[in-house]
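The values are calculated or read from the model by the stated rules, or taken from the named source; none is laboratory data. This is a predicted model, so every value here is computed, not measured. Here the Cβ positions follow ideal geometry from the backbone for every residue, glycine too, while neighbour counts run over all protein chains shown. Please note that ligands, DNA and RNA were not included when accessible areas were found on the heavy atoms of the full protein model with its side chains. Shrake-Rupley method; radii C 1.70, N 1.55, O 1.52, S 1.80 Å.
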Amino acid sequence: MTDATAPRCGHIAIVGRPNVGKSTLLNHILGQKLAITSRKPQTTRHTLLGIKTEGNVQAIYVDTPGLHKDAEKALNRFMNKSAAQTLREVDVVLFVVDRMRWTEEDEMVWNKVRHLECPVLMVVNKVDRLEDKKDLLPHLEWLAGQMPNAEIVPISALNGGNIDTLERLVGERLPESEHFYPDDQLTDRSSRFLAAELVREKVMRQLGAEVPYQVAVEIEQFRQEGKILHIHALILVEREGQKKIIIGDGGARMKKIGQEARLDMQKLFGSKIMLNLWVKVKRGWSDDERALNSLGYRFD
(Lines give C-alpha, C1' and ligand atoms only; values in the text may rest on other atoms or scores of the structure.)
Protein backbone atom coordinates (compact mmCIF):
# COMPACT_ATOMS: atom_id res chain seq x y z
CA MET A 1 0.00 0.00 0.00
CA THR A 2 1.44 3.38 -1.04
CA ASP A 3 1.74 6.30 1.35
CA ALA A 4 -0.34 9.24 0.04
CA THR A 5 1.81 11.70 2.00
CA ALA A 6 5.16 10.37 0.72
CA PRO A 7 7.08 12.72 -1.58
CA ARG A 8 6.78 11.92 -5.28
CA CYS A 9 9.08 13.08 -8.04
CA GLY A 10 9.74 12.13 -11.64
CA HIS A 11 10.16 13.18 -15.26
CA ILE A 12 7.27 13.45 -17.70
CA ALA A 13 7.99 13.63 -21.44
CA ILE A 14 5.61 15.71 -23.54
CA VAL A 15 5.85 14.23 -27.05
CA GLY A 16 3.97 14.42 -30.33
CA ARG A 17 4.32 15.54 -33.92
CA PRO A 18 5.06 19.23 -34.59
CA ASN A 19 2.43 21.86 -33.80
CA VAL A 20 0.03 19.88 -31.59
CA GLY A 21 0.41 22.28 -28.63
CA LYS A 22 3.11 20.66 -26.48
CA SER A 23 4.76 23.94 -25.45
CA THR A 24 1.41 25.65 -24.83
CA LEU A 25 0.49 22.74 -22.55
CA LEU A 26 3.74 23.11 -20.58
CA ASN A 27 3.24 26.87 -20.16
CA HIS A 28 -0.32 26.38 -18.89
CA ILE A 29 0.74 23.73 -16.37
CA LEU A 30 3.50 26.02 -15.06
CA GLY A 31 1.21 29.03 -14.94
CA GLN A 32 3.68 31.20 -16.83
CA LYS A 33 5.44 31.40 -20.17
CA LEU A 34 8.61 29.32 -20.29
CA ALA A 35 8.54 27.50 -23.63
CA ILE A 36 8.27 29.58 -26.80
CA THR A 37 5.30 29.02 -29.12
CA SER A 38 4.22 29.94 -32.64
CA ARG A 39 1.87 28.61 -35.29
CA LYS A 40 4.83 27.26 -37.25
CA PRO A 41 5.81 23.59 -36.83
CA GLN A 42 9.17 22.80 -35.19
CA THR A 43 9.28 25.99 -33.13
CA THR A 44 10.73 23.91 -30.27
CA ARG A 45 14.30 22.78 -31.03
CA HIS A 46 15.66 21.84 -27.60
CA THR A 47 14.32 19.75 -24.79
CA LEU A 48 13.26 22.06 -21.98
CA LEU A 49 12.54 21.14 -18.36
CA GLY A 50 9.59 22.81 -16.66
CA ILE A 51 9.45 22.01 -12.94
CA LYS A 52 6.21 22.22 -10.95
CA THR A 53 6.18 21.46 -7.24
CA GLU A 54 2.85 21.29 -5.44
CA GLY A 55 2.66 19.82 -1.97
CA ASN A 56 4.46 16.48 -1.91
CA VAL A 57 4.58 16.13 -5.73
CA GLN A 58 7.38 17.49 -7.93
CA ALA A 59 6.56 16.96 -11.61
CA ILE A 60 9.47 17.59 -13.99
CA TYR A 61 7.96 18.07 -17.45
CA VAL A 62 10.24 17.66 -20.47
CA ASP A 63 9.03 19.62 -23.51
CA THR A 64 10.52 17.97 -26.60
CA PRO A 65 10.92 18.98 -30.26
CA GLY A 66 8.14 17.62 -32.46
CA LEU A 67 9.06 14.27 -34.00
CA HIS A 68 8.90 14.50 -37.78
CA LYS A 69 9.56 12.20 -40.73
CA ASP A 70 11.75 14.37 -42.95
CA ALA A 71 15.04 14.86 -41.14
CA GLU A 72 17.36 15.88 -43.97
CA LYS A 73 19.46 18.51 -42.21
CA ALA A 74 21.71 18.07 -39.19
CA LEU A 75 19.42 20.35 -37.14
CA ASN A 76 16.37 18.18 -37.89
CA ARG A 77 18.28 15.00 -37.05
CA PHE A 78 19.36 16.59 -33.75
CA MET A 79 15.73 17.44 -32.91
CA ASN A 80 14.47 13.91 -33.65
CA LYS A 81 17.32 12.32 -31.69
CA SER A 82 16.77 14.68 -28.77
CA ALA A 83 13.06 13.77 -28.52
CA ALA A 84 13.72 10.04 -28.89
CA GLN A 85 16.48 10.09 -26.24
CA THR A 86 14.13 11.76 -23.75
CA LEU A 87 11.69 8.84 -24.00
CA ARG A 88 14.27 6.44 -22.59
CA GLU A 89 14.73 8.42 -19.39
CA VAL A 90 11.25 9.34 -18.11
CA ASP A 91 8.63 7.99 -15.68
CA VAL A 92 5.49 9.06 -17.57
CA VAL A 93 4.82 10.01 -21.21
CA LEU A 94 2.19 12.50 -22.40
CA PHE A 95 1.53 11.74 -26.07
CA VAL A 96 -0.21 14.85 -27.43
CA VAL A 97 -2.44 14.68 -30.53
CA ASP A 98 -4.62 17.28 -32.23
CA ARG A 99 -8.40 16.72 -31.86
CA MET A 100 -9.73 14.46 -34.65
CA ARG A 101 -6.55 14.44 -36.71
CA TRP A 102 -4.34 11.36 -37.00
CA THR A 103 -1.41 11.57 -39.42
CA GLU A 104 1.56 9.45 -40.49
CA GLU A 105 3.69 11.44 -38.05
CA ASP A 106 1.27 10.65 -35.20
CA GLU A 107 1.63 6.99 -36.16
CA MET A 108 5.42 7.34 -36.12
CA VAL A 109 5.35 8.85 -32.61
CA TRP A 110 2.97 6.14 -31.39
CA ASN A 111 5.34 3.46 -32.69
CA LYS A 112 8.06 5.03 -30.53
CA VAL A 113 6.00 5.14 -27.33
CA ARG A 114 3.81 2.03 -27.57
CA HIS A 115 6.49 -0.35 -26.28
CA LEU A 116 7.67 1.81 -23.37
CA GLU A 117 7.33 0.27 -19.93
CA CYS A 118 6.33 3.56 -18.25
CA PRO A 119 2.68 4.79 -18.20
CA VAL A 120 1.50 6.64 -21.33
CA LEU A 121 -1.32 9.20 -21.24
CA MET A 122 -2.87 10.05 -24.62
CA VAL A 123 -3.62 13.80 -24.48
CA VAL A 124 -6.20 14.88 -27.08
CA ASN A 125 -5.64 18.63 -27.37
CA LYS A 126 -7.66 21.54 -28.81
CA VAL A 127 -11.05 19.88 -28.15
CA ASP A 128 -12.45 23.38 -27.45
CA ARG A 129 -12.19 24.07 -31.19
CA LEU A 130 -14.57 21.26 -32.17
CA GLU A 131 -17.89 22.60 -33.43
CA ASP A 132 -19.78 19.48 -32.38
CA LYS A 133 -18.38 17.65 -29.34
CA LYS A 134 -20.44 14.56 -30.29
CA ASP A 135 -17.96 13.96 -33.12
CA LEU A 136 -15.21 13.43 -30.54
CA LEU A 137 -16.58 10.29 -28.89
CA PRO A 138 -16.20 7.91 -31.89
CA HIS A 139 -12.64 9.23 -32.39
CA LEU A 140 -11.77 8.65 -28.72
CA GLU A 141 -13.13 5.11 -29.03
CA TRP A 142 -10.98 4.58 -32.12
CA LEU A 143 -7.90 5.90 -30.29
CA ALA A 144 -8.64 3.59 -27.35
CA GLY A 145 -8.71 0.66 -29.78
CA GLN A 146 -5.31 1.67 -31.19
CA MET A 147 -3.80 2.22 -27.74
CA PRO A 148 -5.44 -0.08 -25.22
CA ASN A 149 -2.70 0.54 -22.62
CA ALA A 150 -2.92 4.35 -22.73
CA GLU A 151 -5.38 6.41 -20.71
CA ILE A 152 -7.02 9.07 -22.90
CA VAL A 153 -7.46 12.63 -21.58
CA PRO A 154 -9.20 15.30 -23.74
CA ILE A 155 -7.93 18.83 -22.92
CA SER A 156 -7.57 22.39 -24.10
CA ALA A 157 -3.97 23.48 -23.50
CA LEU A 158 -4.77 27.06 -24.50
CA ASN A 159 -7.81 27.53 -22.23
CA GLY A 160 -6.79 25.16 -19.45
CA GLY A 161 -9.71 22.79 -19.97
CA ASN A 162 -9.24 19.52 -17.99
CA ILE A 163 -5.57 20.31 -17.23
CA ASP A 164 -6.21 19.72 -13.51
CA THR A 165 -7.36 16.15 -14.28
CA LEU A 166 -4.27 15.57 -16.39
CA GLU A 167 -1.96 16.83 -13.61
CA ARG A 168 -3.69 14.61 -11.05
CA LEU A 169 -3.25 11.54 -13.27
CA VAL A 170 0.43 12.41 -13.78
CA GLY A 171 1.03 12.86 -10.04
CA GLU A 172 -0.54 9.48 -9.24
CA ARG A 173 1.88 7.80 -11.66
CA LEU A 174 5.12 9.36 -10.43
CA PRO A 175 7.38 7.21 -8.24
CA GLU A 176 7.88 7.84 -4.53
CA SER A 177 11.09 9.87 -4.35
CA GLU A 178 12.65 12.89 -2.70
CA HIS A 179 12.42 16.00 -4.86
CA PHE A 180 15.31 16.57 -7.29
CA TYR A 181 15.08 20.39 -7.36
CA PRO A 182 14.33 23.19 -4.87
CA ASP A 183 10.56 23.71 -4.61
CA ASP A 184 10.74 27.21 -6.15
CA GLN A 185 12.88 26.25 -9.18
CA LEU A 186 11.10 26.55 -12.55
CA THR A 187 13.60 25.15 -15.06
CA ASP A 188 17.11 23.81 -15.49
CA ARG A 189 17.87 26.20 -18.36
CA SER A 190 19.94 29.35 -17.96
CA SER A 191 18.53 32.86 -18.29
CA ARG A 192 20.76 33.34 -21.37
CA PHE A 193 19.12 30.34 -23.05
CA LEU A 194 15.61 31.62 -22.26
CA ALA A 195 16.48 35.09 -23.59
CA ALA A 196 17.74 33.62 -26.87
CA GLU A 197 14.56 31.56 -27.22
CA LEU A 198 12.33 34.61 -26.72
CA VAL A 199 14.12 36.47 -29.51
CA ARG A 200 13.79 33.43 -31.80
CA GLU A 201 10.08 33.18 -31.00
CA LYS A 202 9.50 36.74 -32.19
CA VAL A 203 11.39 36.00 -35.42
CA MET A 204 9.26 32.85 -35.92
CA ARG A 205 6.06 34.84 -35.43
CA GLN A 206 7.08 37.79 -37.62
CA LEU A 207 8.35 36.00 -40.70
CA GLY A 208 6.98 33.83 -43.49
CA ALA A 209 7.36 30.13 -44.14
CA GLU A 210 11.03 29.54 -44.94
CA VAL A 211 13.22 32.07 -43.15
CA PRO A 212 12.53 31.16 -39.48
CA TYR A 213 13.91 27.64 -39.94
CA GLN A 214 17.27 29.08 -40.96
CA VAL A 215 17.54 31.40 -37.96
CA ALA A 216 19.47 30.85 -34.72
CA VAL A 217 20.03 33.27 -31.84
CA GLU A 218 23.19 33.64 -29.79
CA ILE A 219 23.43 35.77 -26.63
CA GLU A 220 26.72 37.66 -26.69
CA GLN A 221 26.20 39.67 -23.51
CA PHE A 222 23.94 39.19 -20.47
CA ARG A 223 24.83 41.68 -17.75
CA GLN A 224 22.92 43.18 -14.81
CA GLU A 225 23.84 46.77 -13.98
CA GLY A 226 21.78 48.12 -11.09
CA LYS A 227 18.12 47.78 -12.02
CA ILE A 228 18.81 47.27 -15.75
CA LEU A 229 19.58 43.92 -17.43
CA HIS A 230 21.66 44.47 -20.59
CA ILE A 231 21.21 41.77 -23.25
CA HIS A 232 23.03 41.71 -26.60
CA ALA A 233 21.64 39.09 -29.01
CA LEU A 234 22.98 38.01 -32.39
CA ILE A 235 20.44 36.68 -34.91
CA LEU A 236 22.16 34.27 -37.31
CA VAL A 237 20.81 33.60 -40.81
CA GLU A 238 22.14 31.59 -43.74
CA ARG A 239 21.82 34.10 -46.61
CA GLU A 240 22.17 37.84 -47.20
CA GLY A 241 18.58 38.07 -48.45
CA GLN A 242 17.32 36.66 -45.14
CA LYS A 243 19.22 39.34 -43.26
CA LYS A 244 17.38 42.04 -45.23
CA ILE A 245 14.02 40.39 -44.56
CA ILE A 246 14.62 40.30 -40.79
CA ILE A 247 15.78 43.92 -40.66
CA GLY A 248 12.79 45.05 -42.78
CA ASP A 249 12.19 48.44 -44.39
CA GLY A 250 14.17 51.03 -42.46
CA GLY A 251 14.72 48.50 -39.68
CA ALA A 252 10.97 48.31 -38.90
CA ARG A 253 10.72 44.54 -38.51
CA MET A 254 13.87 44.33 -36.39
CA LYS A 255 12.45 47.04 -34.14
CA LYS A 256 9.17 45.10 -33.68
CA ILE A 257 11.05 41.86 -32.89
CA GLY A 258 13.09 43.73 -30.28
CA GLN A 259 10.08 45.45 -28.69
CA GLU A 260 8.08 42.22 -28.32
CA ALA A 261 11.07 40.22 -27.03
CA ARG A 262 11.90 42.92 -24.48
CA LEU A 263 8.35 42.90 -23.05
CA ASP A 264 8.44 39.12 -22.53
CA MET A 265 11.93 39.30 -21.01
CA GLN A 266 10.78 41.93 -18.50
CA LYS A 267 7.99 39.60 -17.35
CA LEU A 268 10.27 36.55 -17.17
CA PHE A 269 13.28 38.17 -15.49
CA GLY A 270 11.44 40.78 -13.40
CA SER A 271 13.84 43.51 -14.49
CA LYS A 272 14.04 46.50 -16.84
CA ILE A 273 15.67 45.26 -20.07
CA MET A 274 18.07 47.02 -22.43
CA LEU A 275 18.03 44.76 -25.51
CA ASN A 276 20.34 45.19 -28.50
CA LEU A 277 19.91 43.01 -31.60
CA TRP A 278 22.20 42.38 -34.58
CA VAL A 279 21.82 40.15 -37.65
CA LYS A 280 24.74 38.20 -39.09
CA VAL A 281 25.05 35.79 -42.04
CA LYS A 282 26.54 32.39 -41.10
CA ARG A 283 26.19 30.21 -44.18
CA GLY A 284 25.02 26.62 -43.79
CA TRP A 285 24.89 26.64 -39.98
CA SER A 286 21.76 24.42 -39.82
CA ASP A 287 23.50 21.54 -41.63
CA ASP A 288 26.93 21.89 -39.98
CA GLU A 289 27.49 19.65 -36.93
CA ARG A 290 30.29 21.86 -35.55
CA ALA A 291 28.27 25.07 -35.97
CA LEU A 292 25.27 23.45 -34.27
CA ASN A 293 27.45 22.32 -31.38
CA SER A 294 28.81 25.83 -30.87
CA LEU A 295 25.21 27.18 -30.83
CA GLY A 296 24.21 24.80 -28.04
CA TYR A 297 22.60 22.06 -30.13
CA ARG A 298 24.32 19.20 -28.35
CA PHE A 299 23.53 16.39 -25.95
CA ASP A 300 24.61 16.85 -22.35
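Below, the figures for the structure above:
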| item | result |
| --- | --- |
| The chain: relative contact order in percent, alpha carbon pairs under 8 Å with at least 6 residues between | 19 percent |
| Those aspartates and glutamates that a straight Cα-Cα span of less than 17 Å connects to Lys133, excepting residues fewer than 8 apart in one chain | Asp98, Glu141 |
| Point-to-point label distance, Asp132-Leu169, nm (Cα→Cβ direction, 7 Å offset) | 2.6 nm |
| Cα-derived Rg to Rh of segment 107-188, Kirkwood definition | 1.03 |
| Selected from Asp132, Asp264, Asp98 as most flexible by GNM, with the chain as the system and alpha-carbon contacts under 10 Å | Asp132 |
| Taking N as its residue count, the alpha carbon Rg of segment 192-275 over 2.2 N^0.38 Å | 1.08 |
| Cα-based Rg of segment 119-244 normalised by 2.2 N^0.38 Å, two decimals | 1.54 |
| Extension gain from Arg77 to Arg290, taking 0.36 nm per residue of separation minus the Cα-Cα distance | 75.3 nm |
| Estimated distance in nm for a label pair at Lys267 and Lys255, the labels positioned 7 Å out from Cα along Cα-to-Cβ | 2.3 nm |
| The chain: Cα Rg divided by the 2.2 N^0.38 Å rule of thumb | 1.04 |
| Helix-only [θ]222 nm of the chain, DSSP H runs n ≥ 4, -39500 (n - 2.57) each, per residue, nearest 500 | -10500 deg cm²/dmol |
| Segment 176-300, accessible surface, carbon-and-sulfur percent (1.4 angstrom probe) | 47 percent |
| Modelled FRET efficiency - R0 45 Å, Arg239 with Glu151, Cβ distances, 0.05 increments | 0.45 |
| Within straight-line cross-link reach of Lys255, lysines at Cα separation under 30 Å, skipping those fewer than 8 residues along the same chain | Lys22, Lys33, Lys40, Lys202, Lys227, Lys243, Lys244, Lys267, Lys272, Lys280, Lys282 |
| Fraction of antiparallel bridges per DSSP, the chain only, in percent to nearest 5 | 35 percent |
| Segment Arg101-Lys280, length gained on full extension (0.36 nm per residue, minus Cα span) | 60.5 nm |
